[in-house]
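Student: Encoded as structure tokens, here's the structure I'll be asking about.
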Amino acid sequence: EQQIRSIREAVGDDIDIMIDAGLAWDLKGALKMAEIYEKYGVYWLEEPLHPEDIAGYRALSDRTHLHIAGGEQESGVAAFRRLIEDGHLDIVQPDLGRCGGLTEGKRIAYMAHERHKKVVPHAFKTGILVAASTHFAASIPNGFMIEHTVSTSPLSRELVAEPIVFKDGYVQVPKLPGLGVTVDEAVVEKYRVK
């Protein structure tokens with residue numbers, strides 16, 4: 001509890017806090033932590049349970065005021081429908097590199113929109129994925145954020161010549177053709193597996 005108290009004191013009451021649990025708990029552990037996080041106004045709790053624990057997600061979602069988020073491991077609209085309808089998730093997080101690309105991502109987003117759920121794409125591998133996720137979030141009616149990497153890995157930071165700009169909590173949608181980024185072929189060659 002001290003950790004979340006310290007975070008809330010550091011950022012103040014006007015900043016949303018999102019917790020990514022990384023599949024750390026079972027249902028009882030997640031319920032205990034959700035109760036603590038509620039006291040500090042945490043906005044969402046991401047992936048507290050294993051993705052296959054649909055009954056656990058349903059019980060957690062039904063017993064907490066926190067928004068429950070997840071889905072970065074999933075692919076296909078049917079899996080995301082299951083998370084929403086059976087698991088009662090509030091926010092789904094398709095990773096365009098896993099879920100079936102932009103086309104399936106749009107299907108997922110509109111299915112979620114019909115059920116009044118938000119979509120926050122998960123973009124943790126490359127600058128290309130961050131660019132695709134930025135356009136995706138800007139193009140759907142229920143996209144309001146993206147979860148992006150702050151990694152310093154070369155594929156995240158050097159693969160594209162024009163990285164996506166994040167400033168003051170906002171992302172700038174690129175205006176160049178396609179995804180708005182140019183792949184640096186020298187970086188591709190450097191890290192190509194042969």
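None of the figures in this text is laboratory data; all of them are computed from the coordinates on show. This is a predicted model, so every value here is computed, not measured. Counting neighbours? That spans all protein chains shown, and the Cβs are built from the backbone with ideal geometry, glycine included.
Student: Please work out the Cα convex hull volume for region 103-194 and give it in Å³ per residue.
Tutor: 109 Å³
Student: May I ask for the distance between the Cα centers of region 20-67 and region 165-193, given as a whole number of Å?
Tutor: Measuring centre to centre over Cα atoms gives 34 Å.
Student: In the chain, which helices (entire DSSP H runs) extend 30 Å or more along their own long axis, judged by Cα positions, while averaging at least 0.5 on the Kyte-Doolittle scale?
Tutor: none
Student: Further question on the same structure: For the chain, what proportion of DSSP beta bridges, expressed in % and rounded to the nearest 5, is antiparallel?
Tutor: 25 percent
Student: With +1 assigned to the C-beta of every Lys and Arg and -1 to the C-beta of every Asp and Glu, and no other charges, what is the dipole magnitude of the chain about the Cα centre in debye, to the nearest 20?
Tutor: Around 380 debye, computed over the chain.
Student: Here is a further query. Check the straight Cα-Cα distances from LYS106 and name the lysines below 19 Å, setting aside those fewer than 8 residues away within the same chain.
Tutor: Partners found: LYS117, LYS118.
Student: When all alpha-carbon pairs of the chain are counted, what percent fall beyond 27 Å?
Tutor: Looking at the chain, the distances longer than 27 Å represent 34 percent of pairs.
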